[in-house]
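A.B. asks: Here it is, the structure, as structure tokens.
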Amino acid sequence: MNGIERLVTKARQMKEQGLTEAEIEDELHLSAETVKWLLTRGVKAEKPPSDVYIGWRSIGVYSYRMKLVSDIFVDIALEESEKHDFTIDTVLGVATTGVPIATHIANLLECELVVYTPPLEDGEKGKVSSNFAGLDGKHVLLFDDVLGTGKTMAGAIETLEDQGATPVLIQVLVNKTPKDDVNGVPLRALIRTTVV
């Protein structure tokens, strides 16, 4: 079974388990168009959209490895805050896959932690969990594992601003776009992918 067939099988299994297409996109780190194509493969004979599958299981299986990667992100955050003269009081982790590394980053920076859950359907707003830090007046570093279209981050930024916070930096493991910012908030990634 090749890589595409494995992704088709995974996507279909997730759909059978009751996950929405948006949840499958998040779990597989793929665009909406790619998930639709995977789920209808064999029904429509069309060329797949350009996309890059990102798997980071080698890091995610062990919290020690996530802590090591977090050390790099903290170093980058400190460099950016010095270069652009901002402070960071709070770290936001995008649920679910951004939260573990965001937690390590918050610990290393001695900051508060916020968890943001993106909306499952278009037209809805994301939510910040009330179990974590408040946002009013805070300077926030946002973290997610993969930036695909930037839609999730744009929603998180809007939610932060609505709650009186100032987003100061976005960090991701992998940036699948040519963007260097989202809605004016600087974006730093460990890896940027480019389809050529």
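A.B. asks: Could you tell me which of the residues Ile101, Ile24 is assigned to a helix (DSSP H, G or I) and touching a strand residue (DSSP E or B) at 6+ places or on another chain (Cβ under 8 Å)? Walk me through how you get there before you give the answer.
C.D. replies: Working: Ile24 fails: touching a strand residue (DSSP E or B) at 6+ places or on another chain (Cβ under 8 Å).
Only one candidate qualifies: Ile101.
A.B. asks: Sticking with this structure for a sec: Only residues that are at pLDDT 95 or above and in a loop (DSSP other than H, G, I, E, B): list them for segment 109-163, please.
C.D. replies: Glu110, Cys111, Leu135, Asp136, Gly137, Lys138, Gln163
A.B. asks: I'd like the full set of residues that are of a type in the set (Gly, Ala, Ser) and touching a Pro at 6+ places or on another chain (Cβ under 9 Å), limited to segment 30-69.
C.D. replies: Ser31, Gly60, Ser63
A.B. asks: May I pose another question? From the list Val61, Val43, Val74, Val52, which one is modelled with pLDDT of 85 or more, out of contact with any helix residue (DSSP H, G or I) (no Cβ under 9 Å at 6 or more places or on another chain) and aliphatic (A, V, I, L, M)?
C.D. replies: Matching residue, one of Val61, Val43, Val74, Val52: Val61.
A.B. asks: Looking only at segment 1-29, how many residues end up being in contact with a Pro (Cβ under 9 Å, 6 or more places away or on another chain) and within 23 Å of Lys125 (Cβ to Cβ)?
C.D. replies: 2
A.B. asks: Moving to a separate point now. If I ask for residues that are within 29 Å of Ile24 (Cβ to Cβ) and among the aromatic types (Phe, Trp, Tyr), which ones from segment 72-123 would you list?
C.D. replies: Residues satisfying the conditions are Phe73, Tyr116.
A.B. asks: Here are Thr159, Thr103, Thr90, Thr152: which of them is under 30 Å from Val8 (Cβ atoms) and of a type in the set (Ser, Thr, Tyr)? Write out each step before concluding.
C.D. replies: Details: Thr159 fails: under 30 Å from Val8 (Cβ atoms); Thr103 fails: under 30 Å from Val8 (Cβ atoms); Thr90 fails: under 30 Å from Val8 (Cβ atoms).
Thr152 is the lone residue from the list that is under 30 Å from Val8 (Cβ atoms) and of a type in the set (Ser, Thr, Tyr).
A.B. asks: Would you check if Ile88 is touching a strand residue (DSSP E or B) at 6+ places or on another chain (Cβ under 7 Å), among the hydrophobic types (A, V, I, L, M, F, W, C) and part of a helix (DSSP H, G or I)? Break it down stepwise before answering.
C.D. replies: Details: touching a strand residue (DSSP E or B) at 6+ places or on another chain (Cβ under 7 Å): yes; among the hydrophobic types (A, V, I, L, M, F, W, C): yes; part of a helix (DSSP H, G or I): no.
Answer is no for this residue.
The values are calculated or read from the model by the stated rules, or taken from the named source; none is laboratory data. Just so we're clear, the structure is a prediction, and the values are computed from it rather than from any experiment. Glycine also receives a Cβ, built like all others from the backbone with ideal geometry; neighbour counts cover every protein chain displayed.
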